[in-house]
Amino acid sequence: GDNATGPQPDACPGVPGTSTIDRYGCVDSDGDGISDDNDAFPADPGRSSDVDEDGYDDLEDGCMLIAGNSTIDRFGCIDSDGDGYSDGDAQWNTSNGSDAFPFEATQNADQDNDGFGDNPSGVEADDCPTTQGSSFRDSFGCVDEDNDGMSDVNDDFLAESSQWTDSDSDGYGDEINGTQGDFCPLESGTSTNDVYGCVDTDSDGYSDLNDVWPNDATQWYDDDMDGFGDEDSGTVPDQCPDEYGTASLGTLQGCPDTDGDGYADLEDAFPLHDSQHLDSDGDGWGDNETSGAHKPDHWPSDPTRNAGEATLECLPDRISIDSVTGADFQFTCTVTTSMSDGFTARIDWQSSTNVYAETNSKLMVFNTGSKPFEQRFFSGQALSEGSFTLVLTVTEPGAEIPMDTASIRLNVYNSSVSSGGEDEFTWDTILDSTIFQISAAMIVFVFLFGMLIIRGKARRIKDEEDRKVQAAQVLYNRMMSDQDVVQRRRVELGYNAVPLPPEMK
């Protein structure tokens, strides 16, 4: 009734209605007794209250006081990923049907509880849904003993968590930062010392990439880059591994060799001369006697002798020329040696501004067993008048001092120039004159010849007197003997005659 204080007062007196539960006489569209104004579901007679206002009746709402959108495992609870499965809480977990992956809409169940969903079409679907596993590289949710993410089925290194694949199957893992990471993951190799898993042709443990000797198993590094290996027990080891060197002979290969003769400076008696390295007798002259070698020692075991030995003689040693008739002159030099071994000698004519030499040097070779002397002809031309000394030396190539020296006195005068009352020539000029030399020689010859004649005549006179005395003695003896003997002696002697020479008797 309309009396508000009477029994069952009409809460909506101006509007006809049938509600009876929350109030009387108001509109109740679904006829469930709850007026439409207070009915959370005015068109659904089976539902009426929704405290959390999430669209689910309090009687069916699994989380009556918390608004939610889950629709599968329970209604009206929080479903973060919107896949229909509630997120779960302390009273409702995965065993009750809550979402095992509340933030992944493609997955909700995980029967082996390994963290990978059972939905094969979902994200990170469990490839082994009934076997708990942690693999995630090749497959999801399968057994992975070393926990490296690779399932045991496909893990090439089951007990090594830092490696799992070996693309070239050489035993070294593809992970470069892992244990024994393969530096050449796509090329099978056996190197182990410098890098792992690269080609090592000589199997010394060093990859061909870094092995200076890829075909020699005894050497691999060359720190000073001189071509000799650092391994002391290897092939041709570097005796100076920290110092660049080119020595290849002797006992110190790989050490500095200043003269480039193959022997290290440390054991080279002549470190600045490539033609010598050994000095057996320690006299400062090298054992190499080859022509042209530096200071060749022809007696390598005798410290008292070393250089080649020879004498030099140049003739004529005095030359006088008249520039009026010509300034050319010649002379011959002879080199004599007592050495039995072969060697080379060179005659050098020292240069002078007053004399032009056709050639200043001439070479000669003494072969073993050859004649002990050699001659060379020199010619020159005087460039000015005066007296000059020509100096020539004979030296063995490579030696520092000459074996011998010779000099020639050259006088150049001009016969057409008058002295004006004063002698034009010095005594040296006169003595060097060819005419004077010939005249002096003739005088000496005449004197000596005259002395021989005088001496010969005196000797003949004495011989004649001796023969007369001898003849008188013979006559006396004959007179004292018989006539036959006398006669025979007279025939032999010829009376008053000179005795017959012995060959006519």
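The values are calculated or read from the model by the stated rules, or taken from the named source; none is laboratory data. Bear in mind that the values here come from a model prediction, so they are computed numbers and not experimental data. Backbone-built Cβ (ideal geometry, glycine too); neighbour counts: all protein chains shown.
Within the stretch 68-77, identify whether any single residue is farther than 30 Å from PHE116 by Cα, surrounded by fewer than 20 Cβ atoms within 10 Å (Cβ to Cβ) and either of a type in the set (S, T, N, Q) or more than 60 Å from the chain's Cα centre (by Cα) (or both), and answer yes or no. Looking for residues that are farther than 30 Å from PHE116 by Cα, surrounded by fewer than 20 Cβ atoms within 10 Å (Cβ to Cβ) and either of a type in the set (S, T, N, Q) or more than 60 Å from the chain's Cα centre (by Cα) (or both), one finds none in the stretch 68-77, hence no. Among the strands (runs of 3 or more DSSP E) confined to the stretch 346-422, the ones with at least 2 residues that are touching a residue at least 40 places away in the same chain (Cβ under 8 Å) and β-branched (Val, Ile, Thr) are located at 386-395, 404-413.
From ALA105, ALA40, ALA100, ALA109, grab the single residue that is assigned to a loop (DSSP other than H, G, I, E, B), more than 30 Å from VAL143 (Cβ to Cβ) and small (Gly, Ala, Ser). Break it down stepwise before answering.
Numbers: ALA105 fails: more than 30 Å from VAL143 (Cβ to Cβ); ALA100 fails: more than 30 Å from VAL143 (Cβ to Cβ); ALA109 fails: more than 30 Å from VAL143 (Cβ to Cβ).
It is ALA40.
Of everything in the stretch 216-233 that is buried (at least 17 other Cβ atoms within 10 Å of the Cβ), more than 16 Å from CYS255 (Cα to Cα) and of a type outside the set (Phe, Trp, Tyr), the residue that is farthest from the chain's Cα centre (by Cα) is ALA217. Here is a check on your reading of the model: is THR246 part of a loop (DSSP other than H, G, I, E, B) and over 14 Å from the mean Cα position of the chain (by Cα)? So THR246 does not fit the description; no.
Looking only at the stretch 385-402, count how many residues are under 15 Å from SER361 (Cβ atoms) and touching a Ser or Thr at 6+ places or on another chain (Cβ under 9 Å). Spell out the reasoning first.
Within the stretch 385-402, the subset under 15 Å from SER361 (Cβ atoms) is 390-399, 402.
Applying the additional criterion that residues be touching a Ser or Thr at 6+ places or on another chain (Cβ under 9 Å) yields 390-394, 396-398, 402.
Total satisfying the criteria: 9.
For the stretch 286-344, what are the residues that are in a loop (DSSP other than H, G, I, E, B), of a type outside the set (Ser, Thr, Tyr) and touching a Pro at 6+ places or on another chain (Cβ under 7 Å)? Passing the criteria: ASP287, ASN288, GLU289, GLY292.
Given the criterion aliphatic (A, V, I, L, M) and assigned by TED's automatic domain parsing to the domain that holds ASN414, identify the matching residue among ALA327, ALA293. Break it down into steps so the answer makes sense when it comes.
Numbers: ALA293 fails: assigned by TED's automatic domain parsing to the domain that holds ASN414.
Residue meeting the stated conditions: ALA327.
Could you please find all residues in the stretch 286-322 being small (Gly, Ala, Ser) and closer than 27 Å to PHE270 by Cβ? Of everything in the stretch 286-322, those that are small (Gly, Ala, Ser) and closer than 27 Å to PHE270 by Cβ turn out to be GLY286, SER291, GLY292, ALA293, SER301, ALA307, GLY308, ALA310. Listed by first and then second residue, the pairs with beta-carbon distance under 9 Å, at least 6 apart or on different chains, first residue in the stretch 1-15 and in a strand (DSSP E or B), second surrounded by 10 or more Cβ atoms within 10 Å (Cβ to Cβ), are ASP10/GLY1; ASP10/ASN3; ASP10/GLY17; ASP10/ARG23; ASP10/TYR24; ASP10/GLY25; ASP10/CYS26. When the residues of the stretch 148-185 are filtered to those that are within 26 Å of ASN113 (Cα to Cα) and of a type in the set (Gly, Ala, Ser), the one that is surrounded by the fewest Cβ atoms within 10 Å (Cβ to Cβ) is ALA159. Look at (1) over 22 Å from the mean Cα position of the chain (by Cα); (2) crowded, with 17+ Cβ neighbours inside 10 Å; (3) of a type outside the set (Lys, Arg) and you find that GLY205 fails only one, number (2).
In the stretch 128-147, how many are farther than 21 Å from SER161 by Cα and buried (at least 18 other Cβ atoms within 10 Å of the Cβ)?
To start, the set of residues in the stretch 128-147 that are farther than 21 Å from SER161 by Cα comprises 129-130.
Narrowing the set further to residues that are buried (at least 18 other Cβ atoms within 10 Å of the Cβ) leaves 129.
Summing the residues that are farther than 21 Å from SER161 by Cα and buried (at least 18 other Cβ atoms within 10 Å of the Cβ) in the stretch 128-147 gives 1.
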